Ligand code: AMP
């Protein structure tokens, strides 16, 4: 990666590849914001208003919310002051149209081009990785029954909040999320490859090992 003080990073990967965890760690390491459209949408869903109810029905099926809505959300967030020194996109873009909207926006606002990191994990591992997942509703940290269990069962190591399981981490919904990834999001690997802006890293192994691979791909 080009040496620059502005890191505009996009972590691309199937559900369950560790994008959220790695984005969180990278965000702390580089002191730049993590922009998770999934987190933003979950907050909107919690409001329970008309839009929240519509989002719940889409997200609880494991489907993608409309491109226009999620692109507006991401663009508005990227306009905020703290993104001027860089950002980490987690879960956006997820379709070719979203990627095109994002490119046009970054160009127009004179951001440096995106550096895309593909976290590669065999599709056959995703069900297991997603099934035992829990997260902290307060700080957003992720845990896993097998790979990254909390010190106390069901409790966040840092803020001691009770851990929750995401409603879409259910085997049938996971299946649908993986299908949508393969159909809509995986083609972005080719899209970014053509632009010469993608680095693939192996997402298997310990969280710290994967994190070090990410840092190496950024020449950090
Ligand atoms: P995530 O937390 O990234 O796994 O996202 C959770 C859910 O939010 C997804 O299954 C989608 O329903 C929705 N979502 C998040 N980001 C996007 C996006 N960029 N495009 C469409 N839907 C999204």
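A compact table of results
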read-out	value
Top-ranked residue of segment 5-24 - restricted to ones that are in a loop (DSSP other than H, G, I, E, B) and away from the ligand (no atom under 12 Å from the Cβ), ranked as nearest to residue 188 (Cα to Cα)	6
Odd one out for residue 82, checked against (1) modelled with pLDDT under 95; (2) part of a helix (DSSP H, G or I); (3) under 19 Å from residue 25 (Cβ atoms)	(1)
Only listed residue being at pLDDT 95 or above, within 13 Å of the ligand (Cβ to nearest atom), crowded, with 19+ Cβ neighbours inside 10 Å and in a helix (DSSP H, G or I), chosen from 71, 57	71
Hits in segment 2-35 - residues which are free of Cβ contacts under 8 Å to residues at least 60 places away in the same chain and within 12 Å of the chain's Cα centre (by Cα)	34, 35
Enumeration of residues in segment 25-42 that are part of a loop (DSSP other than H, G, I, E, B), more than 16 Å from the ligand (Cβ to nearest atom) and touching a strand residue (DSSP E or B) at 6+ places or on another chain (Cβ under 6 Å)	32
Qualifying positions in segment 57-88 - touching a helix residue (DSSP H, G or I) at 6+ places or on another chain (Cβ under 8 Å) and touching a residue at least 40 places away in the same chain (Cβ under 8 Å)	59, 60, 61, 62, 63, 64, 77, 78, 83, 86, 87, 88
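The values are calculated or read from the model by the stated rules, or taken from the named source; none is laboratory data. Remember, it's a predicted structure, so these values are computed and weren't measured experimentally. Note that we place each Cβ from the backbone using ideal geometry, even for glycine, and neighbour counts take in every protein chain shown.
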